[in-house]
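The values are calculated or read from the model by the stated rules, or taken from the named source; none is laboratory data. In this text, all values refer to a predicted model and were calculated from it rather than measured experimentally. Here the Cβ positions follow ideal geometry from the backbone for every residue, glycine too, while neighbour counts run over all protein chains shown.
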Amino acid sequence: MKKTILILLSLVLFLPFGAKAYTFGSDTATVGKNQTVNGNFYAVGNAVEIDGKIDGDVICLGKNVTINGPVSGDVICAGQNININGEVKGSVRVLGNTIVLNSKIGHNAMFLAKNLTLGDKGQVGWDLAMIADSADIEGKIGRNLNGDIAQMNLAGEVNGDVNLKINNDEEANPVTVAKTAVINGNVSYTNGQEIKIEDGAKIKGKVAHNFKEENTNSTPWFLARLLSLFSALVIGLVLVSLWRERMIRLSEIMLDKYGRAIGFGALVLFITPLVIFVLLMSMIGIPLALILLAFWLIAVWVSKILVGITLGNRILKIKNKENLVPNMIVGVLLAWILFSIPVLGWAFSFIAILWGLGGIYLLLKNKN
């Protein structure tokens, strides 16, 4: 569903830029029950636990994320397990393996998840957009429900329309509209199988079954770009949080010596595979070749993110050296937009790889 993907993709356009508190690199990032953060809260940790009040936005990355306290702004998080139990007055934009929402959301909710649950206490004031393998919707949605899913149980209330793309032709009735469901608009879904509507379910509008069109490859492309952007933002957040000074120095080198950086980047990109091939010719060199290959692949991927950070630092003039997160967000977003341009995007990506690889080489060279 193009609309769902585009809604999710647009979330990055509204990232906030003023942080008042941030915790990076710790095992557990916490806000105590009696604590109040006046401003935006950034956190990176194995666990992120927010029991206090956030008078701003929450941007976080963690294996386990739990938000029990109220948030006056938006929540933008990525993690393996995410539980939101506190009221969020703004919007929620979340990427995770398992996501559970049991609170009131003032505006929109946008999810990319394997398993998504909107509990019976969960409320979304405006629209809910999701890409999920499995979804259980028991709460209330103020406007429309848009989803790209494989399975879903809808037992709650939707005051607008339900628009679904169901990616499951093998299982009969992959979507169930339970007897407790109330839908005050239309239901439109695309799939080869019929959905199951239980007796007692209330649907005020029409139910339209649209069969899949062949050769529709737009959704995978958009989803791939979305996941790539999310990954870049997450890795960029780690880089500027743990190695802030090095990122500043790297940006300075890449901007001051961009010609040399691109030149050395070309050497690193093309000479390294040849060195790896030579090492593979001997038994002794195989372990070193594999290690070198791993580092080379990582450097190639990270190079584009480093270019994004450099662009952000250049655009915002590195206004706050204590917090490069806003610079990173602006730069990575701009870079990924350039990389997505038809025809020219591959050229921008190639130049970015050369520039970033050269920057890494020059940074390591100057350090030594």
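Check whether at least one residue in the stretch 269-290 is polar (S, T, N, Q), over 20 Å from Ile351 (Cβ atoms) and touching a strand residue (DSSP E or B) at 6+ places or on another chain (Cβ under 9 Å), and report yes or no.
Residues of the stretch 269-290 polar (S, T, N, Q): 272, 282.
From what's left, over 20 Å from Ile351 (Cβ atoms): 282.
With touching a strand residue (DSSP E or B) at 6+ places or on another chain (Cβ under 9 Å) added as a condition, the list becomes none.
Checked the stretch 269-290: no residue is polar (S, T, N, Q), over 20 Å from Ile351 (Cβ atoms) and touching a strand residue (DSSP E or B) at 6+ places or on another chain (Cβ under 9 Å).
Which residue out of Gly45, Gly90, Gly56 is more than 16 Å from the chain's Cα centre (by Cα), closer than 21 Å to Val325 by Cα, surrounded by fewer than 23 Cβ atoms within 10 Å (Cβ to Cβ) and in contact (Cβ under 8 Å) with a residue 40 or more places away in the chain?
Gly56
So which of Gly147, Gly86 ends up being of a type outside the set (Phe, Trp, Tyr), outside the structural domain of Leu226 (by TED's automatic domain parsing) and touching a Pro at 6+ places or on another chain (Cβ under 9 Å)? Show your work before the answer.
On the way: Gly147 fails: touching a Pro at 6+ places or on another chain (Cβ under 9 Å).
Just a single option satisfies the conditions, and that option is Gly86.
Just checking, how many residues over the stretch 109-126 are in a loop (DSSP other than H, G, I, E, B) and surrounded by fewer than 23 Cβ atoms within 10 Å (Cβ to Cβ)? Lay out the reasoning, then the answer.
So the first thing to find is which residues in the stretch 109-126 are in a loop (DSSP other than H, G, I, E, B), and the list is 119-122, 125-126.
Then drop every residue that is not surrounded by fewer than 23 Cβ atoms within 10 Å (Cβ to Cβ), which leaves 119-121, 125-126.
Going through the stretch 109-126 one residue at a time, the tally reaches 5.
Quick one: Asp120 ticks every box in (1) at pLDDT 95 or above; (2) in contact with a strand residue (DSSP E or B) (Cβ under 7 Å, 6 or more places away or on another chain) bar one, so which box is it?
The number of the failed condition is (2).
Could you list all residues from the stretch 127-144 that are surrounded by 18 or more Cβ atoms within 10 Å (Cβ to Cβ) and either in a strand (DSSP E or B) or touching a Pro at 6+ places or on another chain (Cβ under 8 Å) (or both)?
Within the stretch 127-144, Leu128, Ala129, Met130, Ile131, Ala132, Ala135, Asp136, Ile137, Lys140, Ile141 meet the criteria.
Quick one: which strands (runs of 3 or more DSSP E) sit completely within the stretch 34-98 and have at least 1 residues that are over 15 Å from Ala113 (Cα atoms) and modelled with pLDDT of 95 or more?
On the way: elements: 40-50, 58-67, 75-84.
So the answer is 40-50, 58-67.
Test each condition in (1) farther than 29 Å from Ile298 by Cβ; (2) modelled with pLDDT of 85 or more for Gly236 and report the one that comes out false.
For Gly236, the exception is condition (1).
Does Gly147 count as touching a residue at least 24 places away in the same chain (Cβ under 8 Å), within 27 Å of the chain's Cα centre (by Cα) and not in a loop (DSSP other than H, G, I, E, B)? Can you show your working first?
Numbers: touching a residue at least 24 places away in the same chain (Cβ under 8 Å): yes; within 27 Å of the chain's Cα centre (by Cα): yes; not in a loop (DSSP other than H, G, I, E, B): yes.
When the stated conditions are applied, Gly147 passes them.
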